[in-house]
Every structure is written in C-alpha cells, then in structure tokens.
1. If you roll a 1.4 angstrom probe over the protein chains with everything in place, what fraction of the accessible area of the chain belongs to carbon and sulfur, to the nearest %?
2. Mind checking the angle between helix 50-59 and the chain's longest principal axis? C-alpha axes, 0 to 90 degrees, to the nearest 10.
3. How many Å² of accessible area per residue for the range 1-49, probe 1.4 Å?
4. Where does each of 33-39, 12-18, 54-60 land if you order them by average Cβ count within 10 Å, highest first?
5. Going Cα to Cα from residue 29, which aspartates and glutamates come in below 13 Å? Please leave out same-chain ones fewer than 8 positions away.
6. Which residue fluctuates most in the GNM of the chain (Cα springs below 10 Å): 21, 52, 32?
Amino acid sequence: MEQHPAIVRGKQLKEVVGVPESTGWLWGKDPENAFPAPRKFGDNFSGWLLDELMDWARSRQPIYPKSGK
C-alpha cells in the first residue's frame, strides 16, 4: 500500500514549526531562505510537506535565552 506524505495546512504551521502562516508563505517564496515553499495540491488546497518542515526545523540552531550573569 502506498503511503501519502503528511501535509501541513496553513493554520497548523504554527503548531508544527512555530511559524505563523503568513510568515511561512513569505519565507517560502524567498529563494535565499531555506524554508520550504508551500505546494499546491489542488485548486483550493495548498500546504507544506511535513517531512520538509521537519528537515528545516532540525537544521535550525536552537536559540537560548541570555543568562543575566
């Protein structure tokens, strides 16, 4: 049985990678940005592939708050 890739819709984007939908669209259109571009899956159906988002998230360096010392 063929497995279909998991698709993340716009409103789910913030839950998955912490990026608002509007930012995801902007970052995805910038060729110099490593953020995955959204894909069109039908006339009224666009989203991001979960695997690509997870690869992007793993490639990010964690940001730690500065200690007050």
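The values are calculated or read from the model by the stated rules, or taken from the named source; none is laboratory data. None of these values were measured; they are calculated from a predicted model. Every residue, glycine among them, receives a Cβ derived from its backbone with ideal geometry; neighbour counts consider all protein chains shown. We work out accessible area using only protein heavy atoms, side chains counted, and drop any ligands, DNA or RNA first. Shrake-Rupley method; radii C 1.70, N 1.55, O 1.52, S 1.80 Å.
1. Here carbon and sulfur together make up 52 percent of the probe-accessible area.
2. It works out to around 20 degrees.
3. Result: 76 Å² of accessible area for each residue.
4. Listed from highest to lowest mean packing, they are 33-39, 12-18, 54-60.
5. 21
6. Maximum fluctuation in the GNM of the chain, among the listed residues, is at 32.
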